[in-house]
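First comes the structure, then the notes that go with it.
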Amino acid sequence: MAITHTHNVSDLVVVNDGTDVVSEVQVTSVSVDDSNPSVLTTRSDQRFLVDTSGGASASGFVAYSSLNEATVLGWVNAKIAASNVEVNATASINSIKSPPSGANVSKSLPF
């Protein structure tokens, strides 16, 4: 079965100087195994800093009111990938589907 990963912007933090330059992005990642979505779903929130050094005069600056989710995700996609959130979610889902056996187990007494 397939595991799908989706990432959505769930919060934006701006510089508190009236310019509304985004300084931090919160991303909610949801991973779902389609074989049993009600059990095999993980969710995590991560915050990523955005370079604000150029301020509102930076090349490619987009005004806050003109932002869309695709643009904001574009700023942090490399950081999402580097965070291994998808790798970790896949490992978590797979360990629920096929729990690892313990290194030690209790055994009945031989007497």
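Just so you know, all these numbers are worked out from the coordinates, no wet-lab data involved. What you are looking at is a predicted structure, and each value in this text was computed from that prediction instead of being measured. FYI the Cβ positions are ideal-geometry reconstructions off the backbone, even for glycines, and counts take in every protein chain you see.
Applying the selection to the range 1-20, what residues are assigned to a strand (DSSP E or B), in contact with a Ser or Thr (Cβ under 8 Å, 6 or more places away or on another chain) and more than 30 Å from residue 35 (Cα to Cα)?
If the condition is that a residue be assigned to a strand (DSSP E or B), in contact with a Ser or Thr (Cβ under 8 Å, 6 or more places away or on another chain) and more than 30 Å from residue 35 (Cα to Cα), then 13, 14 are the ones that fit.
Within the range 63-108, count every residue that is surrounded by 10 or more Cβ atoms within 10 Å (Cβ to Cβ) and in a loop (DSSP other than H, G, I, E, B).
Qualifying residue count, the range 63-108: 5.
Within the range 72-111, can you find the residues that are among the basic types (Lys, Arg) and without any contact (Cβ under 8 Å) to a residue 40 or more places away in the chain? Before you say what the answer is, go through the steps one by one.
So in the range 72-111, the residues among the basic types (Lys, Arg) come out as 79, 97, 107.
Once the filter is applied, which keeps residues that are among the basic types (Lys, Arg) and without any contact (Cβ under 8 Å) to a residue 40 or more places away in the chain, the range 72-111 yields 79, 107.
In the range 16-49, which residues are over 16 Å from residue 81 (Cα atoms), of a type in the set (A, V, I, L, M) and surrounded by 14 or more Cβ atoms within 10 Å (Cβ to Cβ)?
Residues of the range 16-49 over 16 Å from residue 81 (Cα atoms): 16-24, 32-42.
Adding the requirement that they be of a type in the set (A, V, I, L, M) leaves 21-22, 32, 39-40.
21, 22, 32, 40, listed by residue number.
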